[in-house]
Structure formats: structure tokens, C-alpha cells
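This report refers to the structure that appears directly beneath it.
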Amino acid sequence: MRAQMKTQRLLLRWLEPEDAKAVQAGCNNWNVARMLAVVPHPYPDGLAEEWIAGHANQRARGLGSAFAITLEGTLIGVVGIDNQKTGEFELGYWLGETYWGKGFATEAAQAAVTIGFADLGVGHLTSGYFEENAASGGVLTKCGFEYSGKSNRHCLARGEDMPSLDLVMTRDRWIDGLVQQGS
């Protein structure tokens with residue numbers, strides 16, 4: 001799997017230990033954490049370091065990876081493809097609140113989708129968002145994900161299950177998108 005990917009405005013790269021402080025700061029924002037399933041709030045000291053340290057093993061086992069989303073050298077969020085306990089690969093991401101609404105999430109997610117299909121060779125990707133997070137739904141549909149159902153997903157920061165929309169993208173749909181773009 002590639003260690004980095006350049007987009008029009010961003011550089012996605014593997015997370016490094018030095019990124020822990022920025023990851024903790026971003027995830028410690030309630031407006032970010034409350035929209036993520038697996039991020040606690042407040043975000044405890046040492047958790048980012050532990051989480052980042054586990055990625056080399058995850059990559060080595062072909063289970064995906066998380067990438068720092070950087071803009072002009074500054075970490076503004078994280079995007080990743082992760083092999084879930086169900087055996088499916090899931091796309092997940094977050095951006096620091098000051099970077100919302102500028103198209104960065106869509107740009108980073110599209111790059112991660114390419115990594116999932118081109119580098120990991122997955123047959124399909126899943127993703128989802130809490131029902132109240134329409135902006136995330138917009139990101140996923142712009143990337144080519146399609147609605148696949150509704151569920152309740154636990155939000156660690158809130159300590160409760162939240163209504164969620166589930167989405168999927170198949171390899172064929174991704175390839176069709178490339179053909180339509182002329183890639």
C-alpha cells in the first residue's frame with residue numbers, strides 16, 4: 001500500500017508519532033467527536049500515540065491504514081480504510097472543524113477510496129454516518145457511495161446508540177466512475 005497520495009490540494013500520508021498531538025487536539029473537539037463512532041470525549045492523553053503505533057501492524061497484515069490529511073504541511077484530519085471485525089473494509093474520516101465546508105473531506109475520501117480499490121484490492125467499501133450529519137452524507141454520495149440501509153451505531157463520545165445511514169461502494173461502481181471521468 002502506498003505511503004502517501006497527493007490530491008489537488010492535499011497530501012495524504014501515513015500517520016507518524018509526531019502527529020499524535022494534532023490528532024488528540026482534533027478529536028478533543030466535541031463537534032468532531034460527537035459525529036464519530038469510536039472516538040471518546042474527552043480524548044485521553046496517550047490514546048493517539050497508541051492508536052498511531054498500531055497502524056504499521058495493520059498495514060503489514062493487509063487490513064488497511066489511516067492517513068494524515070495534510071494541507072500545506074499541517075494535519076487537518078484523518079482518513080482511513082479499515083478492515084472491520086465483519087471482514088468488510090470501511091472508509092472513515094474526520095476533519096478539524098475549521099476545515100469543514102471547503103471540500104477537503106470529499107477530496108481526501110476520494111483518494112482513500114482509490115487506495116482501497118487500487119492498493120488493497122477490495123471488492124467493496126462500506127461507510128456510514130449519523131443521521132444528523134448530512135454533510136458527511138454529502139461527502140459519501142459525492143464519492144459514489146450508495147445508500148444500503150439504516151442502523152443504530154454506538155457513539156463512544158455520547159455514550160449512546162445513534163440512528164445511522166449505511167452506504168456501500170462496489171469496485172464496479174468505482175471503475176465506472178473512473179471511466180466516466182476519462183481516467
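The values are calculated or read from the model by the stated rules, or taken from the named source; none is laboratory data. If you're wondering where the values come from, they're calculated on a predicted model, not measured in any experiment. Glycine also receives a Cβ, built like all others from the backbone with ideal geometry; neighbour counts cover every protein chain displayed. Surface areas here come from the heavy atoms of the whole protein model, side chains and all, with no ligands, DNA or RNA. Shrake-Rupley method; radii C 1.70, N 1.55, O 1.52, S 1.80 Å.
Extending each Cα 7 Å along its Cβ direction at Lys21 and Leu156, get the distance between those two points in nm, one decimal.
Here the modelled spin labels are 2.3 nm apart.
Restricting to DSSP H runs of at least four residues, report the calculated mean residue ellipticity at 222 nm for the chain, -39500 (n - 2.57) per run over all residues, nearest 500 deg cm²/dmol.
Taking each H run of at least 4 residues, the total per residue is -8000 deg cm²/dmol.
Could you work out the Rg to Rh ratio of segment 121-183, with Rh taken as the Kirkwood radius (inverse of the mean 1/r over all Cα pairs)?
1.07
Explain nothing, just compute: Karplus ³J(HN,Hα) = 6.51 cos²θ - 1.76 cosθ + 1.60, θ = phi - 60°, for every residue of segment 8-20 in order, whole Hz, x for Gly and Pro.
Once θ is set to phi - 60°, the couplings for segment 8-20 become 4, 10, 10, 10, 9, 8, 4, 5, 10, x, 5, 7, 4 Hz.
Among the lysines in the chain, how many pairs, 8 or more places apart or on different chains, have alpha carbons under 25 Å apart?
Step by step, the pairs that qualify in the chain add up to 7.
If only Cα atoms are counted, what is the Rg of segment 29-137, and what is its Dmax, in Å?
13.8, 37
Based on the alpha carbons, how large is the Rg to Rh ratio for the chain when Rh follows Kirkwood?
Reported Rg/Rh, Kirkwood definition of Rh: 0.93.
State the extension gain, in nm to one decimal, for the chain segment bounded by Lys142 and Asn29, taking 0.36 nm per residue of separation less the distance between their alpha-carbons.
Gain in length upon complete extension: 38.1 nm.
Leaving ligands, DNA and RNA out of it, work out the accessible area of Arg61 with a 1.4 Å probe and give it in Å² to the nearest 10.
Result for Arg61: roughly 150 Å² accessible.
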